[in-house]
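*Asks:* Pasting in a structure now, in structure tokens, and then I'll have a few things to ask.
The values are calculated or read from the model by the stated rules, or taken from the named source; none is laboratory data. The shown structure was predicted, so the numbers you read here are calculated from the model rather than taken from an experiment. Don't worry about glycine lacking a Cβ; one is built from the backbone with ideal geometry, like all the others, and counts go over all protein chains shown.
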């Protein structure tokens, strides 16, 4: 190992110790934060400014949620499932903005919002197909023993816990209603 590489390792270990961060024991599993940080470094190196600004916006939103979580007594910040939910919310916001800009005749701003959606979607898991979603809804209903529309909140909560970022919950809502309807 070269001197420079050794110094970098020592520096990283010191920073990890000083920050009190936990070291990820499974090197094959990268957290969402690591993936976003790596993408930010690549965008910075390759001078992709639009992508970089979106990644910085994502990082700022995650840090904001982390601060709120630490205030609530969670010193580790928000888990990956909550980050996926945050990314999904960011996508919905940008879709609404893109529609508003397009209807107002500001296509360049709508295109910018759509480009941001593309960057954010790069961190989301693959969305379930309609058939997979219906099967997941039926399995969740069977697991919970849901009998009617009064159990819809429990079913939707369980779906959000199990399939965060993997399905569109607006479509899942209608599938749950159809499955629970008498």
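*Asks:* Is it true that some residue in region 46-56 is closer than 21 Å to residue 166 by Cα, out of contact with any helix residue (DSSP H, G or I) (no Cβ under 6 Å at 6 or more places or on another chain) and without any contact (Cβ under 8 Å) to a residue 60 or more places away in the chain?
*Replies:* Looking for residues that are closer than 21 Å to residue 166 by Cα, out of contact with any helix residue (DSSP H, G or I) (no Cβ under 6 Å at 6 or more places or on another chain) and without any contact (Cβ under 8 Å) to a residue 60 or more places away in the chain, one finds none in region 46-56, hence no.
*Asks:* OK, next. From the list 167, 133, exactly one residue is part of a loop (DSSP other than H, G, I, E, B) and surrounded by 18 or more Cβ atoms within 10 Å (Cβ to Cβ). Which is it? Show your work before the answer.
*Replies:* Numbers: 133 fails: part of a loop (DSSP other than H, G, I, E, B).
Matching residue, one of 167, 133: 167.
*Asks:* Hey, any hits in region 101-115 for a residue that's in contact (Cβ under 8 Å) with a residue 40 or more places away in the chain, within 30 Å of residue 39 (Cα to Cα), under 18 Å from the mean Cα position of the chain (by Cα) and outside the structural domain of residue 52 (by TED's automatic domain parsing)? Don't jump to the end; show me each part of the working.
*Replies:* Just the residues of region 101-115 that are in contact (Cβ under 8 Å) with a residue 40 or more places away in the chain, to begin with: 112, 115.
When the remaining residues are screened for being within 30 Å of residue 39 (Cα to Cα), the result is 112, 115.
Okay, now just the ones that are also under 18 Å from the mean Cα position of the chain (by Cα), so 115.
Filter again for outside the structural domain of residue 52 (by TED's automatic domain parsing), leaving none.
No: zero hits.
*Asks:* Say we look at region 116-129 and pick out the residues that are under 9 Å from the mean Cα position of the chain (by Cα) and free of Cβ contacts under 8 Å to residues at least 60 places away in the same chain; which of these is surrounded by the most Cβ atoms within 10 Å (Cβ to Cβ)? Lay out the reasoning, then the answer.
*Replies:* From region 116-129, those under 9 Å from the mean Cα position of the chain (by Cα) are 120-121, 123-125; that's our starting set.
Subsequent filtering for residues that are free of Cβ contacts under 8 Å to residues at least 60 places away in the same chain retains 121, 124-125.
On the way: 121: 13, 124: 15, 125: 11.
My answer is 124.
*Asks:* Consider residue 60 carefully, then state whether it is outside the structural domain of residue 169 (by TED's automatic domain parsing), exposed (fewer than 11 other Cβ atoms within 10 Å of the Cβ), over 19 Å from residue 125 (Cβ atoms) and at pLDDT 95 or above.
*Replies:* On the way: outside the structural domain of residue 169 (by TED's automatic domain parsing): yes; exposed (fewer than 11 other Cβ atoms within 10 Å of the Cβ): yes; over 19 Å from residue 125 (Cβ atoms): yes; at pLDDT 95 or above: yes.
When the stated conditions are applied, residue 60 passes them.
*Asks:* Could you tell me whether residue 77 is buried (at least 17 other Cβ atoms within 10 Å of the Cβ) and modelled with pLDDT under 95? Break it down stepwise before answering.
*Replies:* Numbers: buried (at least 17 other Cβ atoms within 10 Å of the Cβ): no; modelled with pLDDT under 95: yes.
Answer is no for this residue.
*Asks:* Which numbered condition in (1) surrounded by 15 or more Cβ atoms within 10 Å (Cβ to Cβ); (2) closer than 27 Å to residue 172 by Cβ; (3) at pLDDT 95 or above is the only one that residue 100 fails?
*Replies:* All conditions pass for residue 100, except number (1).
*Asks:* Now for a different question. Find the residue count for region 70-95, including only residues that are in a helix (DSSP H, G or I) and in contact (Cβ under 8 Å) with a residue 12 or more places away in the chain. Give the steps one after another, and end with the answer.
*Replies:* Residues of region 70-95 that are in a helix (DSSP H, G or I), as a first pass: 70-71, 80-95.
Then keep just the ones that are in contact (Cβ under 8 Å) with a residue 12 or more places away in the chain; that gives 80-88, 90-91, 94-95.
The number of residues fulfilling the criteria is 13.
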